[in-house]
Every structure is written in structure tokens, then in C-alpha cells.
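Below is one structure, written out as C-alpha cells; the observations come after it.
The values are calculated or read from the model by the stated rules, or taken from the named source; none is laboratory data. Quantities reported herein were computed from a predicted structural model and do not represent experimental measurements. As a convention, Cβ positions derive from the backbone with ideal geometry for all residues, glycine included, and neighbour counts pool all protein chains shown.
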Amino acid sequence: MERVVLISDVQTPLGEELARRYLAEGASVAVTRSNQDARESPLVSESDGLLLTDWNRRSAISTRNVLLSALNRFGRIDEALLLHCPAVEASLLGEASYEAIERNVDTWLKGTLFLAKAVLETFARAGGGRLALVHHARQGGSPLSRQTDLSLPPLEATLRGAFRALAQSLMDTGGAKGVEVLAFESLSTPERDFADFVLEAMTQRGSAGKWLRYQPRGGLLGPLRGRKP
């Protein structure tokens with residue numbers, strides 16, 4: 001039976017890469033397009049195996065509609081990939097506007113919590129599923145040479161740190177029977193390489209509850225449980 005996969009933020013390069021790879025493997029794919037990003041993915045024309053839904057990350061109703069649309073179209077969801085690659089203007093905290101802080105916190109933190117909750121509820125009712133939280137920093141973005149939040153502007157560091165903490169907590173606390181939580185991370189690596197790594201890991205078992213980190217110089221790393229992000 002073909003897999004049914006939900007992927008957030010297809011308007012990002014990583015979201016588009018993941019959707020293309022799943023479709024090429026014959027999966028049915030539901031993708032979200034977040035309205036805070038002006039970049040429009042070429043994957044805008046729906047086919048039998050693709051469902052595109054606009055998602056307002058700041059709205060709980062919009063988040064529930066994403067799940068309902070996918071379930072109405074495909075009947076179930078087997079895997080969900082929740083991406084986190086925020087595009088935040090680099091500035092010192094004292095220089096950031098209150099509006100920018102509120103907008104980004106609402107978008108990236110509230111939206112992530114909304115979708116993770118909705119997916120976990122859907123999996124619990126279905127008796128199983130796999131949720132992958134995928135943390136990625138684009139090449140050419142904020143400096144991440146030391147792979148630490150100390151090199152990030154304060155607002156972006158807060159958003160990324162919160163996502164890592166959520167992923168770790170979900171893996172530590174578990175969930176309903178049959179529900180698996182995985183966490184992926186890649187810092188300043190090409191989207192196509194990271195997408196290949198994620199897709200390969202999602203086809204394997206035994207990785208739930210572990211950080212899977214991709215480092216281009218060292219090749220593909222196996223599951224790493226060591227340090228918490």
C-alpha cells in the first residue's frame with residue numbers, strides 16, 4: 001500500500017525537495033503552503049497523488065483544516081514531516097520591532113505547536129503514525145559555523161532553540177501507542193542532500209526517539225542520541 005505523507009511548507013526549497021522525492025517514489029503527498037513566505041513552489045498544480053493546501057501558521061482553525069483536507073482526500077496519513085527553517089531578518093534584539101517579534105513568534109512557534117498537536121491527535125485516533133520534526137538552516141543564511149545558537153541573532157536563536165526543545169520533549173515523552181517521533185537536523189547544507197537523507201531514514205525502522213543529523217563533510221551520520229540540542 002502506498003504511503004500517505006503530509007509535508008509542511010512546500011514553498012521552502014527543502015519542502016519542495018521532499019515533496020518531489022516522495023512523489024517520485026509513488027507516495028500520496030499532502031503539502032502545505034504557508035502564507036508568510038512569498039516564494040511560490042513550482043509544485044502548485046495538483047495531480048492524483050498531490051494535494052496542496054494553504055496554511056496560516058498562526059491559526060488553529062487553518063491547521064485543523066490542513067489535516068481534514070488530507071484525510072478527506074486520501075483517507076489517512078501515515079507520516080508527517082514538520083519543517084522548521086525560519087527566515088528571520090538578522091538584527092540585535094534591541095533593534096527588532098515589537099511587531100516583528102510578535103509575528104515571528106506567532107508564526108514559527110504557535111504554528112509548529114498547532115500542527116504537531118493536530119498530527120499527534122490524528123495518529124492517536126488512527127492507532128499509529130510517524131511524526132518527523134525537521135530542523136534545517138539554509139546555505140548562505142545566518143552564520144552557523146560553530147553549530148551553536150551563540151552565532152545566531154537573538155530572535156532566530158529563540159525560534160530554533162524552541163523547535164529543538166519541542167522535538168526533544170516529544171521524543172522523551174512519547175505519545176499514543178504506535179506513534180513514533182523522529183527528529184532531523186542539518187545546519188547550512190544543500191536541501192537536495194538533506195532531503196535524500198531524510199527520505200532514506202524515514203523508510204527505516206528503529207530511529208524513533210533519536211536525533212538524526214546530517215553533516216556533509218562526514219557523510220551520512222547514523223542516529224545520534226548524545227547531546228540534546
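Key figures for this structure:
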quantity: Identity of the residue in the stretch 81-127, among the hydroxyl-bearing types (S, T, Y) and part of a helix (DSSP H, G or I), that ends up nearest to S59 (Cα to Cα); calculated: T107
quantity: Yes/no for A157 being over 23 Å from W55 (Cβ atoms), at pLDDT 80 or above, of a type in the set (A, V, I, L, M, F, W, C) and not in a helix (DSSP H, G or I); calculated: no
quantity: All positions within the stretch 160-178 that are assigned to a loop (DSSP other than H, G, I, E, B) and in contact with a helix residue (DSSP H, G or I) (Cβ under 7 Å, 6 or more places away or on another chain); calculated: G175, A176
quantity: Residue list for the stretch 132-154, filter: modelled with pLDDT under 80 and part of a helix (DSSP H, G or I); calculated: D149, L150, S151
quantity: Qualifying residues in the stretch 160-170 (those that are surrounded by fewer than 21 Cβ atoms within 10 Å (Cβ to Cβ) and in contact (Cβ under 8 Å) with a residue 12 or more places away in the chain) - the one nearest to E102 (Cα to Cα); calculated: A162
quantity: Every residue from the stretch 12-71 that is out of contact with any strand residue (DSSP E or B) (no Cβ under 6 Å at 6 or more places or on another chain), closer than 18 Å to D196 by Cβ and either at pLDDT 95 or above or not hydrophobic (A, V, I, L, M, F, W, C) (or both); calculated: T12, P13, E16, E17, R20, R21, E25, G26
